[in-house]
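Here is the structure we will look at.
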């Protein structure tokens, strides 16, 4: 008897190939790359203006911040396409048809995940070309830490893709998936804002209910730091800014564990809910 | 059926937050607290501060004298900085007893108070200072008192000489006018030669020594300890227990720079880490001040400066310890020496006008009598005719003898290409277009 986590590599390859080529042939990927690089260009132009205005800029990695902005935009794009990937096929009934064939939940999920990661690798190629061109045009250094940041981003994006697939496995409508994704990300943001607001106030000045709320938010905020996929990206970039190899390695490890847990959970949910669920 | 709407939840949360935010315009509430008053060695001098009840750990540099004392004072929260502030002027009651230092739960030292002074060899406003204890503290304080006394003596002498000078000058003017009335013709050189000389004011005391104080002196090897205060009746004073983290520098004797940009001399920048690069554009004049520096854990060091500070335990930071003298700054391109620059004093002269409002000129004592230079540094002119590219900086003790760790990079950026950045962002769309055309062709 085949286990629920077994998957036929041939089927997976066929699914990856189909989805990957279909996305490559669309305009979405190129538009997302264009928007993200345009944002980086805007920031870099401001940077260059600031150097002229302030006489100097002292930095070890002037391209890391523009890369981070590009990564955030690309991550949103990948989060959206991964969140709709399963629910769209459920919605259209394609998933049911696929599951009559030699496709099971794990091979399907692995195919979706691999396709999204391959799309990101295409983005990585764009990043390398873009930042090499930026460096030769402006003389801003293409540093070793930028290469480290791009490499680490593969693992951070893996978290975002797994998170998107996890939400997608929970929902059966495309619109609901997007609302959930946006809602959850906004909730993370709201928690962060309220926590920062309450922490900046004097403990003695807070009423007991606000004090309780602050402590609760502190715990929740610590929790969201491990749940939100974007915090893995943030943590990874911080480890590069700090220059700690230990934190860098830990960021990669945490991202792998996070992705693995969410992918396994997605398989279990898909199994439990069925192809129409 | 009830549906969860994230948007409604967010609006509700925002409203709740707005309603529950207390007003920040209220007067701060003063609370009496037992705090540790601190005078801690920060790698170059002594930093005063205090440790409020909210902080449970004090951070110290290993094997250096650090003065602490337990005091009762009024503490209030300052919302602008988000920190507690001590009102020592309103209440500053010293708590007497024995300070116990514990390691792994056992008392290893019981300390009484010791007399101490802080000695500032370059004056009170200079950064470097040392602490002296016991007999040495007395000797330094007496030396300072004697120097101050001598200075006042010289000042009195100066006033007396000035009075004599004024009398002599008035007499000289009277004689001069009489001689001129008598028809004597005097040349300018003759007048100047006969004119009485104005006495110069005496030099002030260059160093400073604080008045004698009595504190508990902590000089401990690296490690984690606890401290607490035992009252004279043998009981432990409540709220006096704190953790003590005694840390050491990770690296020492590095070379760092402080950079004073010519167009905003008050906005100084540090170039401490060797991995950092200076990016410059257009015409620049930079004044570089080299320093010796030690590297500390960022969290520990920031907590040493103020126990309420925050920091990152994984990050390291350089701290300037003393200015580097008698070195030459070399400016190179691809290893080829372009210029060797000596350190010189500079004076910032305020000028009226719509532009910068000041001018930085080389200081010469005869041009600015009675004034000190604003700063000293190595002046590096980055002319606009310099080819855009990569340059290097380094310090040399003597010509050709490079100071280890002093190398830094300067990259001149090409700002004129800034608009091309938008153009290269388009290339993913070009790739998309190529894919689209290929697909069209394969279909047809």
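The values are calculated or read from the model by the stated rules, or taken from the named source; none is laboratory data. Please read all numbers here as calculations on a predicted model, not as lab measurements. All Cβ positions, glycine included, derive from the backbone under ideal geometry; neighbour counts span all protein chains shown.
Looking at the range A:232-242, which of its residues are in contact (Cβ under 8 Å) with a residue 40 or more places away in the chain and either away from chain B (no Cβ under 14 Å) or surrounded by fewer than 19 Cβ atoms within 10 Å (Cβ to Cβ) (or both)?
Hits for the range A:232-242 are A:232, A:233, A:241.
For the range A:22-34, check the following and say yes or no: at least one residue is surrounded by fewer than 18 Cβ atoms within 10 Å (Cβ to Cβ), facing chain B (nearest Cβ under 7 Å) and without any contact (Cβ under 8 Å) to a residue 40 or more places away in the chain.
Yes, some residue in the range A:22-34 is surrounded by fewer than 18 Cβ atoms within 10 Å (Cβ to Cβ), facing chain B (nearest Cβ under 7 Å) and without any contact (Cβ under 8 Å) to a residue 40 or more places away in the chain.
Name the residues in the range B:401-437 that are over 30 Å from the mean Cα position of the chain (by Cα) and either within 30 Å of residue B:290 (Cα to Cα) or more than 9 Å from chain A (Cβ to nearest Cβ) (or both), would you?
Keep residues of the range B:401-437 that are over 30 Å from the mean Cα position of the chain (by Cα), which gives B:414-437.
If the condition is that a residue be over 30 Å from the mean Cα position of the chain (by Cα) and either within 30 Å of residue B:290 (Cα to Cα) or more than 9 Å from chain A (Cβ to nearest Cβ) (or both), then B:414, B:415, B:416, B:434, B:437 are the ones that fit.
Would you be able to tell me the number of residues in the range B:372-385 that are buried (at least 17 other Cβ atoms within 10 Å of the Cβ) and under 21 Å from residue B:335 (Cβ atoms)?
The number of residues fulfilling the criteria is 3.
With the requirement that a residue be over 17 Å from residue B:213 (Cα atoms), more than 15 Å from the chain's Cα centre (by Cα) and outside any strand (DSSP E or B), what does the range B:106-132 give you? Spell out how you get there, then give the answer.
Initial filter on the range B:106-132 (over 17 Å from residue B:213 (Cα atoms)): B:106-110, B:121-123, B:125-128.
Now narrow it down to the ones that are more than 15 Å from the chain's Cα centre (by Cα): B:106-110, B:121.
The one that is over 17 Å from residue B:213 (Cα atoms), more than 15 Å from the chain's Cα centre (by Cα) and outside any strand (DSSP E or B): B:121.
Would you point out the residue of the range B:229-239, among those that are touching a strand residue (DSSP E or B) at 6+ places or on another chain (Cβ under 6 Å) and surrounded by fewer than 19 Cβ atoms within 10 Å (Cβ to Cβ), that is nearest to residue B:58 (Cα to Cα)? Walk me through it before giving the result.
If we filter the range B:229-239 for residues that are touching a strand residue (DSSP E or B) at 6+ places or on another chain (Cβ under 6 Å), which is where we start, we get B:229-230, B:236-237, B:239.
Next, from what is left, pick out any that are surrounded by fewer than 19 Cβ atoms within 10 Å (Cβ to Cβ): B:230, B:236-237, B:239.
Values: B:230: 18, B:236: 19, B:237: 17, B:239: 14 Å.
Of everything passing the filter in the range B:229-239, B:239 is nearest to residue B:58 (Cα to Cα).
Of all residues in the range B:114-129, count the ones that are within 27 Å of residue B:224 (Cα to Cα) and at pLDDT 95 or above.
5
Against the condition within 11 Å of chain B (Cβ to nearest Cβ), modelled with pLDDT of 85 or more and either more than 18 Å from residue A:83 (Cβ to Cβ) or touching a helix residue (DSSP H, G or I) at 6+ places or on another chain (Cβ under 9 Å) (or both), how does residue A:209 come out, does it pass? So that I can check it myself, show each step before the final result.
Working: within 11 Å of chain B (Cβ to nearest Cβ): yes; modelled with pLDDT of 85 or more: no; either more than 18 Å from residue A:83 (Cβ to Cβ) or touching a helix residue (DSSP H, G or I) at 6+ places or on another chain (Cβ under 9 Å) (or both): yes.
So residue A:209 fails the test.
With B:256, B:282, B:204 as the choices, which residue is modelled with pLDDT under 90, within 12 Å of chain A (Cβ to nearest Cβ) and either surrounded by fewer than 20 Cβ atoms within 10 Å (Cβ to Cβ) or not in a loop (DSSP other than H, G, I, E, B) (or both)? Spell out the reasoning first.
On the way: B:256 fails: modelled with pLDDT under 90; B:204 fails: within 12 Å of chain A (Cβ to nearest Cβ).
One residue alone meets the criteria, B:282.
Evaluate the following for residue A:220: is it part of a helix (DSSP H, G or I) and closer than 30 Å to residue A:100 by Cα?
Numbers: part of a helix (DSSP H, G or I): yes; closer than 30 Å to residue A:100 by Cα: no.
No, not satisfied.
Restricting attention to the range B:259-272, which residues are more than 22 Å from residue B:317 (Cα to Cα) and at the interface with chain A (Cβ under 9 Å from one of its Cβ atoms)?
B:261, B:262, B:263, B:264
Given the range A:91-177, what helices (runs of 4 or more DSSP H) lie entirely inside it while holding 2 or more residues that are over 18 Å from residue A:273 (Cβ atoms) and within 14 Å of chain B (Cβ to nearest Cβ)? Break it down into steps so the answer makes sense when it comes.
Details: elements: A:94-100, A:105-138, A:144-170.
By residue number, A:105-138, A:144-170.
So in the range A:51-68, with the set limited to residues that are within 32 Å of the chain's Cα centre (by Cα) and part of a helix (DSSP H, G or I), which one is nearest to residue B:279 (Cα to Cα)?
At the first step, the residues of the range A:51-68 found to be within 32 Å of the chain's Cα centre (by Cα) are A:51, A:57-68.
The next check asks that each one be part of a helix (DSSP H, G or I); those that pass are A:51, A:64-68.
On the way: A:51: 7, A:64: 15, A:65: 16, A:66: 16, A:67: 18, A:68: 20 Å.
Selected residue: A:51.
Answer with yes or no whether residue A:247 is more than 8 Å from chain B (Cβ to nearest Cβ), surrounded by 15 or more Cβ atoms within 10 Å (Cβ to Cβ) and in contact with a helix residue (DSSP H, G or I) (Cβ under 7 Å, 6 or more places away or on another chain). Before the answer, list the steps.
Details: more than 8 Å from chain B (Cβ to nearest Cβ): no; surrounded by 15 or more Cβ atoms within 10 Å (Cβ to Cβ): yes; in contact with a helix residue (DSSP H, G or I) (Cβ under 7 Å, 6 or more places away or on another chain): yes.
Here the answer is no, as residue A:247 does not meet what is asked.
Which members of the range B:71-105 meet the condition of being under 20 Å from residue B:231 (Cβ atoms) and assigned to a strand (DSSP E or B)? Can you show your working first?
Step one: list which residues in the range B:71-105 are under 20 Å from residue B:231 (Cβ atoms), which gives B:71-73, B:91-102.
B:71, B:72, B:73, B:91, B:92, B:93, B:94, B:98, B:99, B:100, B:101, B:102, listed by residue number.
How many of the residues in the range B:285-301 are surrounded by fewer than 22 Cβ atoms within 10 Å (Cβ to Cβ), away from chain A (no Cβ under 14 Å) and over 18 Å from residue B:376 (Cα atoms)?
Residues in the range B:285-301 being surrounded by fewer than 22 Cβ atoms within 10 Å (Cβ to Cβ), away from chain A (no Cβ under 14 Å) and over 18 Å from residue B:376 (Cα atoms): 2 in total.
Evaluate the range B:426-438: report whether one residue or more is surrounded by 16 or more Cβ atoms within 10 Å (Cβ to Cβ) and within 19 Å of residue B:268 (Cα to Cα).
The answer is no; no qualifying residue exists.
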